[in-house]
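These notes concern the structure reproduced below.
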Amino acid sequence: MNTTDVMPQEPLRVVNVGLELFARELEAQGVEVVHVDWRPPAGGAEIAALLGRLGD
Amino acid sequence: MPVRATVWRGFYQDSVVLMHVAAEVRALPGVRLAAALMGTPANHELLSSAGLATPDSKNATAADLVLAVDAATDAEAEAALAAAKGFFDERRRARESTGRALPRTLDGALKQMPDANVALISVPGDYAKLEALTALRRGLHVFLFSDNVPVGDEVELKRLALAQQRLCMGPDCGTAYLGGVGLGFANVVPRGRIGCVAAAGTGLQAVASHVATLGEGISHGIGVGGRDLSAEVGGMMTFFALRKLADDPSTDAIVIIAKPPAPEVMPQLDAAIRTITKPVVVCALGAAVPASAPATWVTTLEDAAEAAVAGIRGRAWTPRSFTDAAAVRSRVAAIAAGARPRGALLGLFTGGTLAHEARVILEPLVGPVNIDGAAPGSAHRVIDLGADEFTRGRAHPMIDVAARDSRIREAGAAADVAVLLVDLVLGRGAHPDPGPSLAAAIRDARATAERDGRTLVAIASVVGTDGDPQGLARQIAELRAADVHVLPSSAQAARSAALVLDPRLASRLLSA
């Protein structure tokens with residue numbers, strides 16, 4: 001994974017998870033974007049909360 | 001009226017897409033009401049209260065899409081549901097025509113783009129932490145637009161970010177600028193020498209737009225989320241971002257846009273600023289200005305931009321009430337010469353920071369202002385329509401303008417409202433052309449008020465730049481054509497509203 005910092009003049013390369021609108025707006029600025037076709041995990045919010053507490 | 005609902009199982013769509021499909025269906029013949037929502041508990045309540053719940057819709061889960069319509073006839077209801085299906089079919093065809101399969105997870109996306117460096121996350125709050133954790137663990141900076149994330153989760157995310165030397169912008173981060181790229185809701189501004197650390201999305205938008213108007217630009221604008229300077233979070237991301245901007249050779253001055261910091265964080269904030277050799281401007285709306293602060297403290301977003309620009313130009317700066325006091329004087333005199341507006345102020349805002357700034361400016365001038373449960377019972381009210389309670393199950397009012405427009409029309413019939421104060425926020429991500437519908441709503445409200453023998457004065461400010469897709473000049477012209485008094489900043493709009501409510505304030509506000 002990229003270990004350099006964003007703060008210098010490095011081009012942004014973005015993964016967009018959520019509102020597709022934001023991916024389109026980044027593309028309009030010439031930014032490389034991969035949009036994730038996200039959906040809630042099976043089991044819903046409770047499972048997501050559990051997964052959020054577990055290690056990777 | 002027949003109510004029909006259909007449920008698409010396991011068919012997730014985001015709130016902006018749902019807004020568009022609901023709007024298309026609502027415009028069909030015979031359709032009285034239409035809703036397109038995911039089946040969350042809050043959305044089931046909305047469907048029930050709108051009379052749109054059906055036995056089918058009640059079984060939908062948060063992963064299922066509900067489309068419900070109330071139409072004049074069975075045939076029109078069925079046609080509306082078919083049209084919605086057509087909308088989604090069309091989207092699927094358009095997506096498939098690109099020949100590129102969309103990943104279903106963040107890790108799937110990283111297989112397509114292994115050198116990604118930022119994750120922009122705007123999933124519902126219940127799922128935001130999981131996605132942000134994954135992104136940080138993969139070494140990405142995170143822009144976390146999602147709200148409704150518990151503060152304990154925010155602390156955990158920001159600790160991980162600091163350990164990884166990554167930015168965790170948010171939760172509840174509306175706007176950021178990284179190296180000239182705007183993320184989230186962002187006005188089109190030039191790159192320049194002013195860096196911002198912002199706890200407020202519309203606050204950053206307003207400062208960046210004012211900076212652009214003054215002929216300068218933004219190096220980086222780092223969002224930190226509204227709670228960063230709270231006792232719980234302890235300013236973790238603010239201090240990290242300040243160090244980054246202090247070391248950044250493209251940044252010559254720094255603006256901190258914050259909520260009032262927790263008292264226990266203030267000494268650290270002071271200490272952090274003292275290590276910076278560049279000019280630092282602090283705008284913490286509603287905070288008392290410290291007596292011996294190591295920075296220039298200002299009280300409005302406009303002043304923050306002006307002080308920073310003066311800082312990099314090496315010029316002295318003093319705040320002023322109005323850009324064009326003479327124009328305000330003549331406008332207020334014209335209003336005073338006509339039928340006096342009798343009643344109170346109603347502020348209807350889409351930008352939360354702008355709503356709070358309005359209250360901070362208005363209260364010393366006209367007395368208590370009811371906002372977010374503060375000063376209940378006061379005649380003057382300011383409402384932040386972007387607050388969680390108004391955005392459940394629908395897109396933000398900067399995108400979905402219908403809710404505010406209908407409140408403006410209602411205000412026309414409210415006997416106690418004499419002055420209507422509104423913002424209009426332009427930029428990427430916002431509604432493509434909000435001025436005409438806002439102007440139409442204000443015209444309607446004023447017509448209703450006049451029919452009832454009342455005067456309704458409308459005052460506005462527009463956050464935007466000439467580079468924004470909506471066009472600043474065109475949006476202002478739309479409002480002015482509806483006889484809306486448009487001021488160059490939200491602060492000036494609030495002061496102008498105070499003058500209309502109490503012309504005696506002229507000696508304080510228009511003396512210069």
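Points to keep in mind about this one:
Here is a yes/no grid of residues against (1) more than 7 Å from chain B (Cβ to nearest Cβ); (2) modelled with pLDDT under 75; (3) in contact with a helix residue (DSSP H, G or I) (Cβ under 9 Å, 6 or more places away or on another chain); (4) not in a loop (DSSP other than H, G, I, E, B):
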residue: A:N2; (1), (2), (3), (4): no, yes, no, no
residue: A:L21; (1), (2), (3), (4): no, no, yes, yes
residue: A:R24; (1), (2), (3), (4): yes, no, no, yes
residue: A:G30; (1), (2), (3), (4): yes, no, no, no
residue: A:V33; (1), (2), (3), (4): yes, no, yes, yes
residue: A:W38; (1), (2), (3), (4): no, no, yes, no
residue: A:L51; (1), (2), (3), (4): no, no, yes, yes
residue: A:G55; (1), (2), (3), (4): yes, yes, no, no
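- Residues that are away from every other protein chain (no Cβ under 14 Å) and surrounded by fewer than 17 Cβ atoms within 10 Å (Cβ to Cβ), drawn from the stretch B:1-23: B:M1, B:P2, B:A23
A quick yes/no check of all residues on (1) among the polar types (S, T, N, Q); (2) more than 7 Å from chain A (Cβ to nearest Cβ); (3) open to solvent by less than 60 Å² (accessible area, probe 1.4 Å); (4) more than 24 Å from the chain's Cα centre (by Cα):
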{"residue": "B:T105", "(1), (2), (3), (4)": "yes, no, no, yes"}
{"residue": "B:G139", "(1), (2), (3), (4)": "no, no, yes, yes"}
{"residue": "B:V142", "(1), (2), (3), (4)": "no, yes, yes, no"}
{"residue": "B:E156", "(1), (2), (3), (4)": "no, yes, no, yes"}
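- Scanning the stretch B:341-357 turns up no residue that is in contact with a helix residue (DSSP H, G or I) (Cβ under 9 Å, 6 or more places away or on another chain), open to solvent by 70 Å² or more (accessible area, probe 1.4 Å) and either at pLDDT 95 or above or in a loop (DSSP other than H, G, I, E, B) (or both).
- Single unsatisfied condition, B:A135 versus (1) open to solvent by 30 Å² or more (accessible area, probe 1.4 Å); (2) within 8 Å of chain A (Cβ to nearest Cβ): (1)
- Residues in the stretch B:211-233 that are more than 23 Å from B:E156 (Cα to Cα) and not in a strand (DSSP E or B): 7 in all.
- Filtered residue count, the stretch B:391-429, keeping only those that are out of contact with any Asp or Glu (no Cβ under 8 Å at 6 or more places or on another chain) and either open to solvent by 50 Å² or more (accessible area, probe 1.4 Å) or in a loop (DSSP other than H, G, I, E, B) (or both): 15
- The listed residue being open to solvent by less than 60 Å² (accessible area, probe 1.4 Å), in a strand (DSSP E or B), touching a His at 6+ places or on another chain (Cβ under 9 Å) and not assigned by TED's automatic domain parsing to the domain that holds B:L183, out of B:A119, B:A109: B:A119
- Counted residues, the stretch B:203-221 - those being open to solvent by less than 10 Å² (accessible area, probe 1.4 Å) and either farther than 23 Å from A:V33 by Cα or not polar (S, T, N, Q) (or both): 11
- Boolean, B:A83 is more than 10 Å from chain A (Cβ to nearest Cβ), assigned to a helix (DSSP H, G or I) and touching a helix residue (DSSP H, G or I) at 6+ places or on another chain (Cβ under 7 Å): yes
- Matching residues, the stretch B:29-53, being in contact (Cβ under 8 Å) with a residue 40 or more places away in the chain, open to solvent by 20 Å² or more (accessible area, probe 1.4 Å) and not in a strand (DSSP E or B): B:P29, B:G30, B:T40, B:A42, B:L46, B:G51, B:A53
- Filter pass, B:V224 being within 21 Å of A:G18 (Cα to Cα), surrounded by 24 or more Cβ atoms within 10 Å (Cβ to Cβ) and in contact (Cβ under 8 Å) with a residue 24 or more places away in the chain: yes
- Residue match in the stretch B:123-140 (condition: among the hydrophobic types (A, V, I, L, M, F, W, C) and in a strand (DSSP E or B)): no
- Condition check for B:A63: within 12 Å of chain A (Cβ to nearest Cβ) and within 29 Å of the chain's Cα centre (by Cα): yes
The values are calculated or read from the model by the stated rules, or taken from the named source; none is laboratory data. Because the structure is a prediction, the values reported are computed rather than measured. Reconstructed Cβ throughout: ideal geometry from the backbone, glycine too, with neighbour counts over all protein chains shown. Surface accessibility is based on the protein's heavy atoms, side chains included, excluding ligands, DNA and RNA. Shrake-Rupley method; radii C 1.70, N 1.55, O 1.52, S 1.80 Å.
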